[in-house]
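The values are calculated or read from the model by the stated rules, or taken from the named source; none is laboratory data. As the structure is a computational prediction, the values presented were derived from the model and not from experiment. Quick reminder, even Gly has a Cβ in these numbers, built from the backbone with ideal geometry, and neighbours come from all protein chains shown.
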Amino acid sequence: MSKPRQLFALLIAAALFLSGTTYAQNKKERFDPDGSFWIHGQPPNDFLDFGGINLNSKRSRQLPGAGVGLTNGKTLKFKTLVVRQDNLTFMTAVLGGVAYGFSGKFLRGGIFGSGVLDDETPVLEGTLTKYKAGGKVAEAKLKFVYFGGT
C-alpha cells in the first residue's frame, strides 16, 4: 500500500477507534425503518381516523408517501420530522383543521424492510397527539406494528 493510502487508512481507523465504533458495528447496527406503522390493537375512539405513520425516506414507489395516513385515504405531510432509533418525533401539516404530533422511540434497530418483522409485534411506542383548530383534542400512549409495503 502506498504511503498516502496507509496514512488515510490509519486516520480512518483512529477516528473509528476514538468514536468507539468499528466497521462491523456500523454495518450490523444499520437502522432503516422505512415503511408504515399502524396502531397495535384497537385504536382509541379519538383516533379512529388515524391510518398510520408512513416513513419513506428513499421515496420508494412500493411505500405510501411520507406522512400520516388517514382512514379516508388522505395524507397529512410531515411539517417536522426526526427519525432516529431512540427518537421518532414529528408534527404534521394541518389538513381540514386537523394535525397530528408524535413523540416516541423504536423498540428495536435494524433494517425493518428485511422481512423479519411480523404484524403482531410492536416495534414503536410513544405518545400520539391530535390537534383540531390549533388546540389539543386527544392524546394517547400507543404501540405500533410495522408493515413494509406490498
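Of note:
- Here the condition is being among the acidic types (Asp, Glu), at pLDDT 90 or above and exposed (fewer than 11 other Cβ atoms within 10 Å of the Cβ); of ASP49, ASP86, it holds for ASP86 alone.
- Residue match in the range 74-84 (condition: under 12 Å from LEU124 (Cβ atoms), part of a loop (DSSP other than H, G, I, E, B) and within 13 Å of the chain's Cα centre (by Cα)): no
- Residue satisfying condition, being surrounded by 17 or more Cβ atoms within 10 Å (Cβ to Cβ), in the same structural domain as PHE37 (by TED's automatic domain parsing), modelled with pLDDT under 95 and on the phi > 0 side of the Ramachandran plot, within set GLY73, GLY96, GLY110: GLY110
- Any hit, the range 116-124, residues being surrounded by 18 or more Cβ atoms within 10 Å (Cβ to Cβ) and part of a strand (DSSP E or B): yes
- Against the numbered list (1) in a loop (DSSP other than H, G, I, E, B); (2) under 18 Å from VAL137 (Cβ atoms), MET91 comes up short only at (1).
- When THR89, THR71, THR75 are checked against the criterion of being polar (S, T, N, Q), in contact (Cβ under 8 Å) with a residue 12 or more places away in the chain and touching a Ser or Thr at 6+ places or on another chain (Cβ under 6 Å), THR89 stands alone in meeting it.
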